[in-house]
Amino acid sequence: MPEFLDSYIRELSSKSERIKEEYEYKSSKLASELKRVFEKFWIDFNLPNSSPSEFSAMAIDSSSAHLVTSNGGIFYVARAIALSKSGRYKDIVADFDFTADSTYDAAHLIHRKMEWLEHKVALKAVRGGFDGFLLFDGSIYGRLAHIPIETGYVNDRDFMLRYFETVIELLDICRRKSIPIVGVSKESRTAFFREFLVKSIFDEVKDELRIEKLERLLSLALDDKKKAIEELEKLEKTADVGILRELMEELLARKPDFQLILTYASSAGYTIPLKLGATLRWRRSYKSMIRDPKDFIKSNFPVASRDGDFIDWAVKVVKKILELPSIVSFHILPALNDTPMRIDVPAWVFGLDDRLSEVGWPEPAGVDIEEILNILAAGYCGLDNYNIWLKAVDGEVKLRREVFENLYLPKFEEIVGRFATPRGYRRVRFP
């Protein structure tokens, strides 16, 4: 018998009931209420028969690879491509730097570099005359919800401001030219639809609870878990909180929307489109930006702001961040045997002027998404190919390990004049 197998079986079996209930999402006391409101805001829909040839679409994606070098620095390469039938635009960034950030945080910034390059190649495409759909692999909302702060990279401390400068420029030019931007995410970990359902249940029962400032308490569950629990326990000593505890626990759990959809959807379809606004943490930064943009820059970019010219430029960028649009977002389940896609579209594509800062809890957008559904249908090719355009650009831009190690890394080592990989690192070798 393989080592640990008997212990493994006992360990898993002892938790089997709880695991089964959580996997099927039937243990929560809220399950029946969530199912009820889910059905209220779920729209049965079968994708129409559309052909990719009916649409002008530019797919944008990126990839990266990095290495923690033998002297503790980070060498990285990120690249992006915008691809359509009529054109191909590309960009790349390669660099070496030091950072005190953890490996996770260091990789996090490289991911932002990938998004930044995507915005840059999309700008090239639009300036080159492209005026169809811009399809991004990933969330558009997530790109706008970052908080501009100084990075830990020694030579790249102001990067997040350059990031916002580029994405704002892309949004502005696309709005002027009426070019739709669509973000497509497969199996997104987001929970905005769940938050909307929880808030819908809360709005139905809040008058019965007769407790002041309940909505603030609910919001705390998304912003400060420790304080939310403390406030709830304090409240329970003096009042009957009823279903409030279950609602807060549902928010604290942060289970993804796609789990909710796979549990309750009985047909292909999509969730009601919702307007998304800023997180509470973002709103606190927003207030600081409005109150004193220069002080916000000095506080969030303490090293970079030692340069006076930097402050003047940074304040201009921050003022534009305040104008970022709200995002209309929904999930679509193209087939019952598939998994959901999350779709993000700037609110102005639908003629809405809402800003990110003006929307609190997710709220119904009341927009016509037929055109978006049609292009999603045209690009959908089944379980193995959820979007024909994004799959094509993914194949073009993917940076494989052997390419990184045999093409990009040797040039870096030529510059530094030494072998860069740390002891014990196994490089791919081909005869």
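The values are calculated or read from the model by the stated rules, or taken from the named source; none is laboratory data. Please read these numbers as outputs of a predicted model, since none were measured by experiment. Glycine also receives a Cβ, built like all others from the backbone with ideal geometry; neighbour counts cover every protein chain displayed.
Summary of computed values
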{"read-out": "Selected residue (only one of Ile181, Ile140 is touching a Cys at 6+ places or on another chain (Cβ under 7 Å) and in contact (Cβ under 8 Å) with a residue 24 or more places away in the chain)", "value": "Ile181"}
{"read-out": "Qualifying residue in segment 125-136 (condition: touching a residue at least 60 places away in the same chain (Cβ under 8 Å), assigned to a helix (DSSP H, G or I) and among the β-branched types (Val, Ile, Thr))", "value": "no"}
{"read-out": "Leu30 crowded, with 16+ Cβ neighbours inside 10 Å, more than 26 Å from the chain's Cα centre (by Cα), closer than 30 Å to Ala191 by Cβ and at pLDDT below 95", "value": "yes"}
{"read-out": "Residue in segment 422-431 that is modelled with the highest pLDDT, counting only those that are over 33 Å from the mean Cα position of the chain (by Cα) and closer than 20 Å to Gly72 by Cβ", "value": "Arg423"}
{"read-out": "Test: residue in segment 243-257 that is surrounded by fewer than 14 Cβ atoms within 10 Å (Cβ to Cβ) and assigned to a helix (DSSP H, G or I)", "value": "yes"}
{"read-out": "Tabulated pairs, segment 405-421, first closer than 15 Å to Ile74 by Cα, second surrounded by 12 or more Cβ atoms within 10 Å (Cβ to Cβ) and of a type in the set (Ser, Thr, Tyr), C-beta under 7 angstrom, 6+ apart or interchain", "value": "Ala420/Thr69; Ala420/Ser70; Thr421/Ser70"}
{"read-out": "From the options Arg176, Arg189, Arg194, residue that is closer than 29 Å to Leu373 by Cβ and part of a loop (DSSP other than H, G, I, E, B)", "value": "Arg189"}
{"read-out": "Residues (buried (at least 20 other Cβ atoms within 10 Å of the Cβ), at pLDDT below 95 and more than 15 Å from Asn155 (Cα to Cα)) located in segment 69-83", "value": "Thr69"}
{"read-out": "Conditions (1) surrounded by 13 or more Cβ atoms within 10 Å (Cβ to Cβ); (2) in a helix (DSSP H, G or I); number of the one not met by Ile343", "value": "(2)"}
{"read-out": "Filter result for the condition that a residue is of a type in the set (Ser, Thr, Tyr) and more than 24 Å from the chain's Cα centre (by Cα), over Ser285, Ser305", "value": "Ser305"}
{"read-out": "Residue count for segment 294-312, restricted to those that are under 17 Å from Arg162 (Cβ atoms), assigned to a helix (DSSP H, G or I) and free of Cβ contacts under 8 Å to residues at least 40 places away in the same chain", "value": "6"}
{"read-out": "Condition broken by Glu215, with the remaining ones in (1) without any contact (Cβ under 8 Å) to a residue 24 or more places away in the chain; (2) more than 20 Å from Gly360 (Cα to Cα) satisfied", "value": "(2)"}
{"read-out": "Some residue of segment 132-146 being among the aromatic types (Phe, Trp, Tyr), surrounded by 16 or more Cβ atoms within 10 Å (Cβ to Cβ) and farther than 30 Å from Phe301 by Cα", "value": "yes"}
{"read-out": "Leading residue by the ranking (modelled with the lowest pLDDT) among those in segment 97-122 that are of a type in the set (Val, Ile, Thr) and assigned to a helix (DSSP H, G or I)", "value": "Thr103"}
{"read-out": "Extreme residue, nearest to Pro256 (Cα to Cα), among residues of segment 194-216 that are modelled with pLDDT of 90 or more and among the β-branched types (Val, Ile, Thr)", "value": "Val198"}
{"read-out": "Residue under evaluation Asp91, criteria (1) without any contact (Cβ under 8 Å) to a residue 60 or more places away in the chain; (2) touching a strand residue (DSSP E or B) at 6+ places or on another chain (Cβ under 6 Å); (3) closer than 18 Å to Cys174 by Cα; (4) among the acidic types (Asp, Glu), criterion not met", "value": "(3)"}
{"read-out": "Failed item, numbered, when Asp156 is tested on (1) of a type in the set (Asp, Glu); (2) more than 19 Å from Asp344 (Cα to Cα); (3) free of Cβ contacts under 8 Å to residues at least 40 places away in the same chain", "value": "(3)"}
{"read-out": "Ala191, sole failed condition from (1) at pLDDT 95 or above; (2) within 15 Å of the chain's Cα centre (by Cα)", "value": "(1)"}
